[in-house]
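Contents: one structure, followed by commentary.
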Amino acid sequence: MDTRLILAALCALMPVVATAEPKRESKMAASLRARADVADAVAKGESPRAALEKLKTQEEVSGLPELDRDADFAFAAIDIGLRLVAAGRNREAEEFFREAEAPLEKTIRKTPDALAREKSMYLQKLAFIRSQFLNKRAEAKADLDRAVELQPADELLLRRRDHLLRERGEPQSVRPKS
């Protein structure tokens, strides 16, 4: 497994884990276990489509009740997709990433620019799945460019965008002056 991919996956999940409050730990642990069970079932032969349909019917799948329903589903689908990649089930994982794309786009449209940090996080998650799993590097770059417009001083975000540009063989972007 590519170390870079593992690190990217962990970074993609960090905002979700970092926003969890200690009092929700048991609910979050149950959600993590449920997503692990879904990934395990799909890895053992359950239809990804059937698993996704079940996931869509659940009230809350990320363990974070304050999340918008679309973001909640997208984060859970991304988590399951990453678990499937780790299990070597890339074709099945791709279905989960594809299903996460539209709800993330919808969440981004609904999130006002005034909530720049939150909207930037959604854009970064979308860019992550597009660049790493869906072969949509141009769209990922556009997502990161939009995130940078919202958070121009975010050094980590600027490094992510520069990394994507280097992967594509493009010159690094000009950074805004502080």
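Data table
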| quantity | calculated |
| --- | --- |
| Pairs with Cβ under 6 Å, 6+ apart, first in segment 154-178 and closer than 22 Å to residue 118 by Cα, second at pLDDT 75 or above and assigned to a loop (DSSP other than H, G, I, E, B) | 157/151; 176/152 |
| Residue ID - surrounded by the fewest Cβ atoms within 10 Å (Cβ to Cβ), chosen from residues in segment 63-93 that are within 14 Å of residue 108 (Cβ to Cβ) and touching a residue at least 40 places away in the same chain (Cβ under 8 Å) | 68 |
| Pair list, Cβ < 6 Å and 6+ apart or interchain, from segment 39-52 residues that are closer than 10 Å to residue 95 by Cα to residues that are at pLDDT 95 or above and surrounded by 12 or more Cβ atoms within 10 Å (Cβ to Cβ) | 48/42; 48/92; 48/95; 52/99 |
| Residue that is surrounded by the fewest Cβ atoms within 10 Å (Cβ to Cβ), among those in segment 1-52 that are at pLDDT 75 or above and among the basic types (Lys, Arg) | 44 |
| Within segment 99-128, tally of residues that are under 16 Å from residue 70 (Cα atoms) and either in contact with a Gly (Cβ under 9 Å, 6 or more places away or on another chain) or in a loop (DSSP other than H, G, I, E, B) (or both) | 4 |
| Residue satisfying condition, being in contact (Cβ under 8 Å) with a residue 60 or more places away in the chain, of a type in the set (Phe, Trp, Tyr) and either more than 30 Å from residue 45 (Cβ to Cβ) or crowded, with 17+ Cβ neighbours inside 10 Å (or both), within set 128, 133, 96 | 128 |
| Filter pass, residue 102 being within 20 Å of residue 31 (Cβ to Cβ), hydrophobic (A, V, I, L, M, F, W, C) and modelled with pLDDT of 95 or more | no |
| Condition met for residue 162 (among the charged types (D, E, K, R), more than 16 Å from the chain's Cα centre (by Cα), modelled with pLDDT under 85 and surrounded by fewer than 19 Cβ atoms within 10 Å (Cβ to Cβ)) | yes |
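The values are calculated or read from the model by the stated rules, or taken from the named source; none is laboratory data. Model, not experiment: these values are computed from the prediction. FYI the Cβ positions are ideal-geometry reconstructions off the backbone, even for glycines, and counts take in every protein chain you see.
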